[in-house]
Structure formats: structure tokens, C-alpha cells
Amino acid sequence: MKSIVAKSLISLKTDQRRCFHFGALFWMKMPEESTLYRPVGQAELELIRASGFKRFPPRLPHQPIFYPVLSEQYATQIARDWNPKDEASGFRGYVLRFKVRAEFLRDYQIHIVGSSEHQEYWIPAEDLQKLNENIVGAIEVISEFRGNG
């Protein structure tokens, strides 16, 4: 009976080491960057273009939150279904893709708005400068939608 218990303890310690080792490897391989998406209209795209596709423009007074989304599908839904019908968007919708240092995003929660596919970060306008400083590479236009306006 003692040998069975001793073998079980040795096995348990070995499994714990494996789990710790696996956990350490998993932690080390966490992505350093997160890919996010942003549906925008014509005016916002022109401001982003003026920055050399490196930054998002400051929010307007009636826009206290910046909403990047986690999936291309969600961004496409907004850019395709809402922006082309909106005069303020220039009757155009664009889906932008960009990468942000994951370390920056750790201070923000993911919010689900509507279905589980509608996931977005809520970044206060006063933190947009910090977000811009944590963008890695260029902001890319990956799709465009035109309305009848």
C-alpha cells in the first residue's frame, strides 16, 4: 500500500511540474500584439490617412469613447449596414485593421453589445493618445462599402 501511495505522490509531483512547465510556456507565448478592427466613415478615414495611417484622430466632444472591435465580421456589419446610409459618414463605410500592443489592452475590459459576436473595447477619449502610441505598424483599410448618397 505504501508503494502505491509513494508512486501516486511522485506521479502527482511530476504532473504538477508538467502543468507548471506548460503554463510557463503558454504564458511566454502569449501574443505581444492584438489585432483589432474599426469601422469608420469617410471623414474619419481622411484624418487617419493624413496621419500616414499611424493614428486615430481625437474624439469629438460628443464622442467620449473610442470603440475598436475584436472581429472583422462585426466591423464589416457596421461598415456595410450603417455607414453607407449615414450622411455624417459620407455615405461610405470602411473596415480598418490594426495591431495594438497587448500590454496596453490589459487595462480595458471587453464589452459584449448585442450578441456574443459583438465584442468591443471601450477606450475613454482621454486614453486615445496612449492607444495611438501602442499601435504596431500601419492601420490598414481592408474593405469599403458605398451607399447611394
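Straight-line cross-link partners of Lys130 among the aspartates and glutamates, defined as a Cα under 17 Å from its Cα and at least 8 positions apart when in the same chain: Glu32, Glu33, Glu103, Asp107. Around the amide H of Ile65, modelled in the peptide plane, lie the amide H atoms of Ala125, all under 5 Å away and 5 or more residues distant in sequence or on another chain. Here the residues His118, His62, His111, ranked from fewest to most Cβ neighbours within 10 Å of their Cβ, fall in the order His62, His111, His118. Considering all alpha-carbon pairs of the stretch 33-146, what whole percent are spaced by more than 20 angstrom? So the portion of pairs separated by more than 20 Å is 36 percent.
Annotation: the residues Arg80, Arg146, sorted from fewest to most other C-beta atoms within 10 Å of their own C-beta, follow the order Arg146, Arg80.
If each residue's Cβ is checked for other Cβ atoms within 10 Å, how do Tyr67, Tyr37, Tyr121 rank with the fewest at the top? Each step should come with its number before you reach the end.
On the way: Tyr67 15, Tyr37 23, Tyr121 20.
The most exposed by this proxy come first: Tyr67, Tyr121, Tyr37.
None of the figures in this text is laboratory data; all of them are computed from the coordinates on show. Predicted model, so just to flag it, every value in this text is computed and none were measured. A quick note on method: Cβ atoms are made from the backbone with ideal geometry, for glycine too, and the neighbour counts reach across all protein chains shown.
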